[in-house]
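Remarks on the structure that follows.
The values are calculated or read from the model by the stated rules, or taken from the named source; none is laboratory data. The model shown is predicted, which means the values in this text are computed figures rather than measured ones. Neighbour counts are summed over all protein chains in view; Cβ atoms, including those assigned to glycine, are modelled from backbone coordinates with ideal geometry. When the accessible area is computed, the model is the full protein with side chains, heavy atoms only, and any ligands, DNA or RNA have been set aside. Shrake-Rupley method; radii C 1.70, N 1.55, O 1.52, S 1.80 Å.
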Amino acid sequence: LRQEAAEYYRIHEVPLRLEEALNALFPQRPADLYGELANYFSKFSKTPVICKLVGRKVFDGVGQPTLEVEIYCTVKNYEKRICSTVMSSHSQVPESASPETTEADEKERNESVNTAVEWVNESLNTMLRDLKPTDQCKVDKMLGEYFTKKVKEREELQKEEAAEAEATLAPASCIPSATALPGGKKVTKSGGKVSVAERTIPPAEPFESVPCGSLAIGGTSLAIAKAGATISHIPLYLHIALLKHHQNLPKEMAVPLPMITLLNCEKNSPAKLKLMKEVMLIPPVQLSVKQGIERVLDIQKELMRLLEPPGKVQPSPQVADSKKGRTHNTGKKAPPQAFKRISHLGCLITGYDKLEQPLLLLQTACNNIGLELGTDMYLAINCAAHELMDYVKGKYEILTGTFRSPDEMVDMYVELINKFPFVIALIDPLRKEDRQQWSNICCALGSKCYLVAEDAATYISRLKTVQNINLPTCSGVVLKYINQTKVSDLVEVTGLLDGQRHITILGSPDGESSDDSLVDLAVGLGARFLKLGGLSRGERVTKYNRLLAIEEELAKNRTLREAKLEFIAFDEESQPEKQLSDVFNPPAEAPIPPRCSEPAGRGGGLPAQLPEGHSTLT
């Protein structure tokens, strides 16, 4: 037995390594000798492998059901909980949807979460056992194959039922092809003259279906990424950067510029203005994230003071009469009263009757505290134009009773940006179906304003799999980590978008959770902007705090890269439609741009050369 033991330890080089450890530690004489010995020998232990997945139904920041995935690994012969992740819920149902539609959506969401929990605890738990959490690509490939299989199985089971339902609902589900009158004329009432030349607007594309249980794929993929980072003893953002840059860590990284929502102008509010769903502040690149957030908080405080009811407006502390030693209010007319509510986006809910009112209000708030919009702070507007289309009239209802055709919308945005040049980003200014107008607005404003597609874009999974979908001409895309999106999908898509001069914005879904992994994903992927909502509600503030921590860590390690804002100058020959096959499968004669050598602007990665046609705003 002694000889067998000696041979067993000799084969595993235990005597040799024990002698090396003792010789190395004796000169140091550490206070915790056995702790140092444990650290030394842990280098030779086996790589941790997945031993168990646990899925459970939890609730997000707005009380909607969602999925939590926990990862357990075998570490040094013991089962250990490594990490967990909570998926954010996302709904395609607009704010103005009927109660029946909302109820049906909630029922479908519950069913999807229950199915996802079942997948994680049963099939995925068995399928991923004994795999290394650091092997992200292999895990994501298996998840993708499993999901495809489940979708096909579900389609087979529901084939007859779906055929009957489609035959019944097909006539009612078609959206009528409304007409829009050219020349900027309003639709006339009965008895008036009707223009002979009518133009049909493109009908709305159907909602992209969300397969039941899809949360299990995205939740498991992200949980595996977090486990891989934990096992490797590095932050998640560095783990993601290594995945994107083929295990070559960039020498410098930049944190995304936050788009901080200050006002939420509800589409169904009593006020007339419907165009601006969100009004966001973008701090200048010269400021750190901490300085930018503090400046936004100052503006928000002054804004709330201005939104007090008439007669209760307190004087701004910075507006004072030094001679008389008292303060006074410089504005004679008080702005509309804010509703005493905070949106699920973490910002003030308010309403206006004119397009320029919220912009002038923010301009006043900044002036009162000694800031200038366009220099000390910039604005972005989420228009959510897809929620404004009146398909009977074939026009957008930007104000209650005020309609604009797609071409008139382009003219309106050009006038708006010329009047308020401190607005440097418009999100979803048009529906994705109005591709010619997207091209027109990019040619007119692309050199001084970002034209970004959020709902006008498509799901990441479809960007990769369906090659004949059209992507409107735009400056960039808002990507959301939802449903069956995998970490590998984000890595691939952001790399390809970088090579096509598109900026990447990682956006927070409506039903946000307290999981802050989205921030690490944005930094690791090199996103230009990060859209997290407002500075209220814990599930959103948690992410801003994570962004502060990452910036501080990069600065401490001297790997924080200086950033710039770059606008894309579109020419008149820009195509109204850009085939996704061109974005994700470049022509053979055009070499595919390397992911790690040409990231766009403020995103992480190696310093990039400015493509021709760009302008910079520092």
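Determine if region 10-25 includes at least one residue that is among the β-branched types (V, I, T), modelled with pLDDT of 90 or more and more than 30 Å from C212 (Cβ to Cβ). Taking every residue of region 10-25 in turn, at least one turns out to be among the β-branched types (V, I, T), modelled with pLDDT of 90 or more and more than 30 Å from C212 (Cβ to Cβ). For region 32-87, the set of residues classified as in a helix (DSSP H, G or I) and among the small types (G, A, S) consists of G35, A38, S42, listed by residue number. Flag: L348 does not match the condition of being of a type in the set (A, V, I, L, M, F, W, C), assigned by the TED database to the domain that holds L426 and in contact with a Phe, Trp or Tyr (Cβ under 7 Å, 6 or more places away or on another chain).
The single condition from (1) outside any helix (DSSP H, G or I); (2) in contact with a Ser or Thr (Cβ under 6 Å, 6 or more places away or on another chain); (3) within 24 Å of S209 (Cβ to Cβ) that D140 fails is (1). Consider V452 against the criteria (1) out of contact with any Gly (no Cβ under 8 Å at 6 or more places or on another chain); (2) of a type in the set (V, I, T); (3) modelled with pLDDT of 90 or more: it satisfies all of them except one. Which criterion is unmet? Among (1) out of contact with any Gly (no Cβ under 8 Å at 6 or more places or on another chain); (2) of a type in the set (V, I, T); (3) modelled with pLDDT of 90 or more, V452 violates only (1). For L560, the conditions (1) surrounded by 18 or more Cβ atoms within 10 Å (Cβ to Cβ); (2) modelled with pLDDT under 80; (3) more than 20 Å from the chain's Cα centre (by Cα) all hold with the exception of (2). The set of residues in region 8-28 that are outside any helix (DSSP H, G or I), surrounded by 10 or more Cβ atoms within 10 Å (Cβ to Cβ) and within 52 Å of the chain's Cα centre (by Cα) comprises H12, E13. Exactly one residue among A31, A38, A5 is modelled with pLDDT of 90 or more and open to solvent by 80 Å² or more (accessible area, probe 1.4 Å), and that residue is A31.
Conditions (1) touching a helix residue (DSSP H, G or I) at 6+ places or on another chain (Cβ under 9 Å); (2) in the same structural domain as R501 (by the TED database); (3) surrounded by fewer than 17 Cβ atoms within 10 Å (Cβ to Cβ), marked per residue:
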residue	(1), (2), (3)
L361	yes, yes, no
F403	no, yes, no
M409	yes, yes, no
K419	yes, yes, yes
P429	yes, yes, no
G446	no, yes, no
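Can you find a residue that is at positive phi, at pLDDT 75 or above and small (G, A, S) anywhere in region 194-213? Checking region 194-213: at least one residue is at positive phi, at pLDDT 75 or above and small (G, A, S).
Looking across region 47-64 at every residue that is over 23 Å from W119 (Cα atoms) and modelled with pLDDT under 90, the one that is surrounded by the fewest Cβ atoms within 10 Å (Cβ to Cβ) is identified as V62.
Among the residues of region 519-551 satisfying the criterion of being part of a loop (DSSP other than H, G, I, E, B) and of a type in the set (K, R), which is most open to solvent (accessible area, probe 1.4 Å)? Filtering region 519-551 for residues that are part of a loop (DSSP other than H, G, I, E, B) and of a type in the set (K, R), the one most open to solvent (accessible area, probe 1.4 Å) comes out as R537. Determine which single condition D515 fails, assuming it passes every other condition in (1) out of contact with any Gly (no Cβ under 6 Å at 6 or more places or on another chain); (2) charged (D, E, K, R); (3) assigned to a helix (DSSP H, G or I). With respect to (1) out of contact with any Gly (no Cβ under 6 Å at 6 or more places or on another chain); (2) charged (D, E, K, R); (3) assigned to a helix (DSSP H, G or I), D515 is out only on (3). Out of all the residues in region 199-248, which are touching a helix residue (DSSP H, G or I) at 6+ places or on another chain (Cβ under 6 Å), in a loop (DSSP other than H, G, I, E, B) and within 23 Å of T494 (Cα to Cα)? None; the set is empty.
Counting residues in region 119-131 that are open to solvent by 40 Å² or more (accessible area, probe 1.4 Å) and either among the basic types (K, R) or at pLDDT below 90 (or both) gives one or more. Residue pairs whose Cβ atoms lie under 6 Å apart, separated by 6 or more positions or on different chains, with the first residue in region 23-40 and without any contact (Cβ under 8 Å) to a residue 60 or more places away in the chain and the second assigned to a helix (DSSP H, G or I) and of a type in the set (D, E), are L25/E36; P30/E36.
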